[in-house]
Amino acid sequence: MLVDPITAMWSDRLFQATLVVLLLAMVFTTLEYAAARVARVARREEPATVGAGPADPAPGPGDPAEAPAGGKPSRTRADRYGRIGVSLMVLAVLLHAGSVVLRGLATYRWPLGNMYEFTSALCLMAVAAWLVLVHRHPALRPAGVFVLTPVVLLMFVTGTVLYAEAAPVVPALQSYWILIHVTTITLASGMLLVPGVASLLFLIKRNGRPAGLAAKLPGAEALDRLAYRVTVLAFPLYTFGIITGAVWAEAAWGRFWGWDPKETVAFVAWVLYAAYLHARATAGWRTSRAAWINTAGFATIVFNLFFINMVVAGLHSYAGV
């Protein structure tokens, strides 16, 4: 099967453009985070000021903006930075989706046939999931820098170390199950990146260390709710992905389960996420203990994505890097 080199080239260029836009988005989310912190510090110091002094500090992201003479509320500096960051993330998702679609059109197949394509789609799902959450819960927006940082790093690794030229897949992957199984796993893994980061931030906030970072984070309860709600949505998808993988394995290798390294680690991650949801509903385990389990599940998925795929040989190794 031939490959369209022009379409493949444009797919690569859109991927590169996505990385640039995500870097800009990370800059503005960082500026929002810093500006909101400066505003909070200024408000705490304000009562000590006696007499006439400098202008009042800007309100924080959740404070009502001061209304100018025209009666229209003005936006704080942090809010403006945050809105620019979100707009750039929306643009990045559109560019990234175009890159994935063009990759499929260039190769005349479903664009999830190797590590480059899988990891690229995973990053797309992670950013899209974060945008949905920010739309529903705007107060969480200042934490966007902590979501974008691992995504940008992963995008950089994807475009360099994991990059693969557009090409047809091996016969073992020429199945309609790639559309069902790999797409579901990609969607679930991308979504699970968000609660993994949220649980890490929750532990930092709850323990208060490092103090400088903990003071700047959203509330511990908000981070805990974020981690739980996204995991509740992603876990059934992850479960469905494992089940469809077993069905595909029976069709391809004649058995539903063979304790292949990738299968084994995926099952360990599933057990950890099931334990997290159970712990989250159990008295005495709902806070730090549950967050540690969720963090362990996230670490297992990352371990499966990189170490198992790139170092350990197994039946899933034919996809290459």
Exercise for the section: For segment 175-199 and segment 133-174, write down the distance between their C-alpha centroids in whole Å. Expected result: 11
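Would you mind classifying segment 179-313 by shape? Square roots of the alpha carbon gyration tensor eigenvalues, ordered a ≥ b ≥ c; an a/c under 1.5 is rounded, otherwise it is prolate if a/b is larger than b/c and oblate if not. Could you put the intermediate results ahead of the total?
On the way: a/c = 2.50, a/b = 2.10, b/c = 1.19.
Prolate is the answer for segment 179-313, as a/c is 1.5 or above and a/b outweighs b/c.
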Handout entry: Rounded if a/c under 1.5, otherwise prolate or oblate - segment 241-313, Cα gyration tensor axes
Key = oblate
Problem - Where labels lie 7 Å past Cα in the beta-carbon direction, separation of residue 287 and residue 213 in nm - result: 2.0
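Can you put 96, 181, 137 in order, fewest other beta carbons within 10 Å first? The partial results should precede the final answer.
On the way: 96 25, 181 22, 137 14.
In increasing order of surrounding Cβ atoms, one gets 137, 181, 96.
Since every read-out is calculated from the coordinates, none of them should be taken as a lab result. Bear in mind that the values here come from a model prediction, so they are computed numbers and not experimental data. Every residue, glycine as well, gets a Cβ built from its backbone with ideal geometry; the counts of neighbours run over all protein chains shown.
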